[in-house]
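The values are calculated or read from the model by the stated rules, or taken from the named source; none is laboratory data. Computed from a prediction, not measured in an experiment: that's the story for all the values here. SASA here: full protein model, heavy atoms, side chains in, ligands and nucleic acids out. Shrake-Rupley method; radii C 1.70, N 1.55, O 1.52, S 1.80 Å.
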Amino acid sequence: MNPTFKIGDVVRLKSAELYMTVNGLTEDGNIECKWFNYRWSDTHSEIFKPETLTHKPDGFIITNAKSAT
């Protein structure tokens, strides 16, 4: 069974470390995610199948990559 995602959830691809925000849900059950690329200072948006995503672990704190150095 796939997890349930809602707009505003913080998620990541199961195969990557990049965290994204759920920005929308498509009619066919896919998940639109948006993320910010600190390296190039721009945003990206992509649609993913829910089977490829996982929620951010509870208690995990995400910091700004620039301020973490």
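Of the residues in region 22-36, none is open to solvent by 90 Å² or more (accessible area, probe 1.4 Å) and among the polar types (S, T, N, Q). One residue stands out among those in region 53-69 that are of a type outside the set (A, V, I, L, M) and closer than 15 Å to residue 6 by Cα: the one that is modelled with the lowest pLDDT, which is 56. Considered as a group, the residues in region 4-21 that are assigned to a loop (DSSP other than H, G, I, E, B) and open to solvent by less than 60 Å² (accessible area, probe 1.4 Å) include one that is farthest from residue 49 (Cα to Cα), and that residue is 8.
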